[in-house]
Amino acid sequence: MRVAVMTAPGEVRVEDRAEPVIVEPTDAIVRLAATCVCGSDLWPYRGVEALDGPRPMGHEYAGVVEEVGSAVTTVRPGQFVVGSFFASDNTCEICRSGYQSACVRREAAAPGGAQAERLRVPLADGTLVATPDAPTGDLVPSLLAASDVLGTGWFAAVAAAAGPGKTVAVVGDGAVGLLGVLAAKQLGAERIIAMSRHESRQKLALEFGATDIVVERGDAGVAAVKDLTGGLGAHSVIEAVGTQESMMQAINATRPGGHVGYVGVTHDVALPGLELFFSHVHLHGGPAPVRRFLPDLIDRIWTGQINPGRVFDLELPLDQAAAGYQAMDRREAIKVLLRP
Ligand SMILES: [Zn+2]
C-alpha cells in the first residue's frame, strides 16, 4: 500500500509499504476515506524537529473498519470511524477524567503513518468512534477534521474557559486556531477576536464566528486586544502556534483571572517566572484529549450544526503528498486533504 514518508527535511515521498495487519487482539485495521497534512508535520519538514530516519507521516484519519482483533467489541467491520491521534483505552482513571491523550496506556494511534491507504489502530475500543451510518461524501472532510484540528481547537476553547459572556482571543490562524474560533462560537462566546494577517484566513475566521480581526502580532497584537477590551485583555485566549512569541502574546493578552488554552506544540518556549507570577492567568493545554469530544463533535457535524471541513482548501491524491506539504509550508494552503 502507499504511505507518505518523510526522508529528510523538505522531502516527502509516497512509497510502497507492507499492508498493516492485526498485531494485538485490541487492534483494528481502517481503510482511510481521507487523510491530511498537519501543521505539526511542518516542524520536521522545516528541520526544526529532528528526524531519526525515514518517518511514515500522518496522524489524522477517518475511514471504514476492515478488520478487528478478537478482543474488539465496540466497532465492527464496515463501520465508518473517526479516532484521535493518540490511542487510549478510555477506561483508566485518567481517561475517565477526560484526559484520554494522557491515558496510562497511551500510544500513537497511527504507528504506521495515517497518510496512507490503510492504518492499524491500537486500542480500537477506546480510540475509535463510529458514525451513526455511512457518511455522505460531503461530510468526510468535516469528520476528518474532528480527528485532530477540530478536537484540538475545541479543547483549546474549553481549556481557555470560552463561554457565554466571554471575550475570546485566538492566537494563530492555522486550521487549529480557526477551529478554535468555531469552538468558541459554539460554546457561546460573546466576542471572538481572531489574530491573523492573511485575508483568506480572516474570511474563514469571520465565517466561523469571529467578531473582530487583529492583524498585529507580538506586543502590538497584545496592545490591540487590550484596546478592544477596555484595556483589560480577553477573558479567554487560545494559543495555537507554539512559539515563544505566540505564547507570550497569549499570556499577555489575557486579563488577570483569565484563561489561556494552549495547544500549539511548543518549540523552545521558556516562560519567564516573574511575568507569569504577576499575570494572574490560568494556563492549561497540551496534546488535546480529542477522544473526550469526539461523540459530541461527530453529532454536531452529522446534524449540520458545524462544517469544520471548510479548513481544507486544497485536495490532492495521496500520491501528490509532497505538493501538499509544500503548499502548507509556503502557507498557500490552510490545510491539505489527501485522498488515498
Ligand atoms: Zn486510559
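The values are calculated or read from the model by the stated rules, or taken from the named source; none is laboratory data. Predicted, not measured: the structure shown is a model, and the values here were computed from it. Please note: Cβ atoms are built from the backbone with ideal geometry, for glycine as well, and neighbour counts cover all protein chains shown. Areas reflect the complete protein model, heavy atoms only, side chains present, ligands, DNA and RNA absent. Shrake-Rupley method; radii C 1.70, N 1.55, O 1.52, S 1.80 Å.
Can you tell me the FRET efficiency between L206 and T73 if r is taken as the Cβ-Cβ distance and R0 is 30 Å, rounded to the nearest 0.05? All intermediate terms of the calculation are to be shown ahead of the outcome.
Working: r = 44 Å, r/R0 = 1.48.
Efficiency, from the Cβ-Cβ distance: 0.10.
Just the accessible area per residue of the range 206-340, please: how many Å² with a 1.4 Å probe?
In whole numbers, the range 206-340 has 45 Å² accessible per residue.
With r as the distance between the Cβ atoms of D313 and A220 and R0 = 35 Å, compute the FRET efficiency 1/(1 + (r/R0)^6) and round to 0.05.
Values: r = 28 Å, r/R0 = 0.79.
Taking R0 as 35 Å, the efficiency between A220 and D313 is 0.80.
Could you pull the Rg and Dmax for the range 238-340, using just the Cα atoms, both in Å?
My reading of the Cα-based Rg and Dmax gives 17.7, 51 Å.
Enter the accessible area per residue of the range 26-65 (Å², integer; probe 1.4 Å; all protein chains in place). The partial results should precede the final answer.
Values: 1280 Å² over 40 residues.
Value for the range 26-65: 32 Å² per residue.
Please list 3J(HN,Hα) in residue order for the range 261-267, calculated via the Karplus relation 6.51 cos²θ - 1.76 cosθ + 1.60 where θ = phi - 60°; whole Hz, with x for glycine and proline.
With the stated coefficients, the range 261-267 comes to x, 10, 10, x, 5, 6, 10 Hz.
Suppose only helical runs count, i.e. DSSP H with n ≥ 4. What mean residue ellipticity at 222 nm does that imply for the chain under -39500 (n - 2.57) per run, divided by all residues and rounded to the nearest 500 deg cm²/dmol?
Numbers: 12 runs with 101 residues, N = 340.
That calculation yields -8000 deg cm²/dmol at 222 nm.
Keeping all protein chains in place and using 1.4 angstrom, which order do S84, S200 fall into by accessible surface area, from largest down? Write out the running numbers ahead of the final one.
Numbers: S84 5, S200 75 Å².
Highest to lowest solvent-accessible surface, that is S200, S84.
Is the shape of the range 1-97 rounded, prolate or oblate, going by the alpha carbon gyration tensor and its root eigenvalues a ≥ b ≥ c, with a/c under 1.5 for rounded and a/b larger than b/c for prolate? Intermediate results must be reported in sequence, preceding the final value.
Numbers: a/c = 2.27, a/b = 1.56, b/c = 1.45.
Judged from the Cα gyration tensor, the range 1-97 comes out prolate (a/c at least 1.5, a/b above b/c).
Quote the relative contact order of the chain in percent (integer), defining contacts as alpha-carbon pairs under 8 Å separated by 6+ residues. Intermediate values should be presented prior to the final figure.
Values: 894 pairs, mean separation 64.4, N = 340.
For the chain, the relative contact order is 19 percent.
With all protein chains present, how much of the accessible area of the range 214-275 (probe radius 1.4 Å) comes from carbon and sulfur, to the nearest whole percent? List each step's numbers first, then the result.
Details: 1460 of 2650 Å².
C and S atoms contribute 55 percent here.
Which order do W302, W43, W154 take by accessible area at a 1.4 Å probe, largest first? Numbers along the way, then the final one.
Details: W302 75, W43 50, W154 5 Å².
Heavy-atom accessible area, descending, gives W302, W43, W154.
Please figure out what share of the DSSP beta bridges in the chain is antiparallel and state it in percent, rounded to the nearest 5.
Working: 31 of 57 bridges.
Around 55 percent of the beta bridges assigned by DSSP in the chain are antiparallel ones.
Testing the spin-label approximation: label points 7 Å from Cα along Cα→Cβ at D299 and A102. State their distance in nm.
If labels sit at D299 and A102, their model points lie 2.6 nm apart.
For the range 1-64, with all protein chains present and a 1.4 Å probe, just round the carbon and sulfur fraction of the accessible area to a whole percent.
Details: 1380 of 2670 Å².
For the range 1-64, the apolar C and S fraction of the accessible surface comes to 52 percent.
Could you check the spin-label model distance between E66 and R17? Points 7 Å from the Cα along Cα→Cβ, value in nm.
1.4
Once you have the Kirkwood Rh of the chain from its Cα pairs, apply Stokes-Einstein at 37 °C and 0.692 mPa s and quote D in µm²/s.
In µm²/s, the coefficient is 164.
Using a cut-off of 19 Å between alpha-carbon atoms, which lysines can reach K335, once sequence neighbours fewer than 8 places away in the same chain are excluded?
Qualifying lysines at Cα under 19 Å: K203.
Can you list the lysines whose alpha carbon is less than 18 Å from that of K166, not counting same-chain residues fewer than 8 positions off?
K185, K226
With no solvent and one point per C-alpha, what does the Debye sum give as log10 I(q)/I(0) for the range 165-257 at q = 0.16, 0.19, 0.21 Å⁻¹?
Each listed q maps to, in turn, -0.51, -0.74, -0.92.
If R191, R310 are ordered by their accessible area, calculated over protein heavy atoms with a 1.4 Å probe, which sequence runs from highest to lowest? Don't skip to the answer; put the middle values down first.
Details: R191 70, R310 100 Å².
Largest accessible area first, the residues go R310, R191.
With a 10 Å cut-off between alpha carbons and a GNM built on the chain, which of A145, A157, A33 moves the most?
Checking each option, the largest mean-square fluctuation is seen for A33.
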